[in-house]
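This report refers to the structure that appears directly beneath it.
The values are calculated or read from the model by the stated rules, or taken from the named source; none is laboratory data. All values reported here derive from a predicted model rather than from experimental measurement. Virtual Cβ from ideal backbone geometry, glycine too; neighbours counted across all protein chains shown. Surface areas here come from the heavy atoms of the whole protein model, side chains and all, with no ligands, DNA or RNA. Shrake-Rupley method; radii C 1.70, N 1.55, O 1.52, S 1.80 Å.
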Amino acid sequence: MHSIRLLVPTAVAAVLAVGAYAQPPSTVAARETYAQLPGVRVWYTDSGGSGVPVVFLHAATGSSRVWEYQIPAFTAAGYRVIAYDRRGHGRTAIDPAAPQPGTGADDLQNLMGHLGIDRFHLVGTAAGGFTALDYALSFPRRLRSLVIANSIGGVTDAEYQKLGHRMRPPQFDALPPEVRELGPSYRAANPEGTERWIELEHMSRAAGPPGPAQTMRNQITFSLLETIQVPTLLLTGDADLYAPPPVLRLFAARIKNSKSVIVPEAGHSAYWENPQLFNSAVLQFIREH
């Protein structure tokens, strides 16, 4: 069974006030370094400690830097927080002499092996959700829970692809990333936060020519998603231009062991636009598992 909740803050106006999230969050001392994995040197940050690990997978417009509002909150809640630059993003460096492109799920599996981590919670947003779903299908026993936020999931069903084309015509990709991925309420109310998001998006672009796009271990279809048994939280914003609530409901109908949350007045970057509600929903969910 699954349920859908609309997260409503005590005072939406207060949450959306200009500058509500303009101030940088408090910093958390964490280890930042490279892991030498097959075909790639992965840059990662690890808060360390003995807490249950939570791994964050960023969007195609991001890197490990975008979790400014999550790393302090989840570390303060007692979790060991790990975030890394996925292949082709940020400070992660591809080895052109090694076989390419590999899969995102294998990179995650290899990083967990490098860190000696057995089971963990996995949070993926947007394109990071593709890798998270692929990992859950490939290595389900490694996951305590799965969070898919603001993601179209990489589903290849023909009818679903047609739906995407109806929602996002060719002109859509020509829009600036912040218009595509930040909701209008956030852009209107928080110019400082918008500028910081744009800065981090620019910083996420890997230096040098892009490598080949990574493949998936699985061809993801809705019928394949029905096999997922990992406890799953599906989250989106009600102003998300990629994965609005009707798209979330398509996933909720297939992933039976799932719960759903809709964040009001948020676009495709709910983790950034309303981190208080995002963090609260995710922390509440992973505590149950």
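Values for this structure:
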quantity: Of all residues in the stretch 248-287 being part of a helix (DSSP H, G or I) and of a type in the set (Lys, Arg), the one that is surrounded by the fewest Cβ atoms within 10 Å (Cβ to Cβ); calculated: 287
quantity: Those helices (runs of 4 or more DSSP H) lying entirely in the stretch 177-227 with at least 3 residues open to solvent by 40 Å² or more (accessible area, probe 1.4 Å) and either acidic (Asp, Glu) or touching a helix residue (DSSP H, G or I) at 6+ places or on another chain (Cβ under 6 Å) (or both); calculated: 191-203
quantity: Unmet criterion (only one of (1) within 23 Å of residue 92 (Cβ to Cβ); (2) more than 17 Å from the chain's Cα centre (by Cα); (3) among the aromatic types (Phe, Trp, Tyr)) for residue 172; calculated: (1)
quantity: Members of the stretch 205-219 that are under 17 Å from the mean Cα position of the chain (by Cα) and modelled with pLDDT of 95 or more; calculated: 216
quantity: Residues of the stretch 152-169 classified as closer than 28 Å to residue 218 by Cβ and without any contact (Cβ under 8 Å) to a residue 12 or more places away in the chain, total; calculated: 6
quantity: So residue 117, is it assigned to a loop (DSSP other than H, G, I, E, B), among the β-branched types (Val, Ile, Thr) and at pLDDT 95 or above; calculated: yes
quantity: Candidate set: the stretch 143-174, residues that are in a helix (DSSP H, G or I) and acidic (Asp, Glu); chosen: the one farthest from residue 225 (Cα to Cα); calculated: 173
quantity: Options 266, 252: the member that is touching a strand residue (DSSP E or B) at 6+ places or on another chain (Cβ under 7 Å) and farther than 26 Å from residue 200 by Cα; calculated: 252
quantity: Any chance residue 134 is in contact (Cβ under 8 Å) with a residue 12 or more places away in the chain and over 18 Å from the mean Cα position of the chain (by Cα); calculated: no
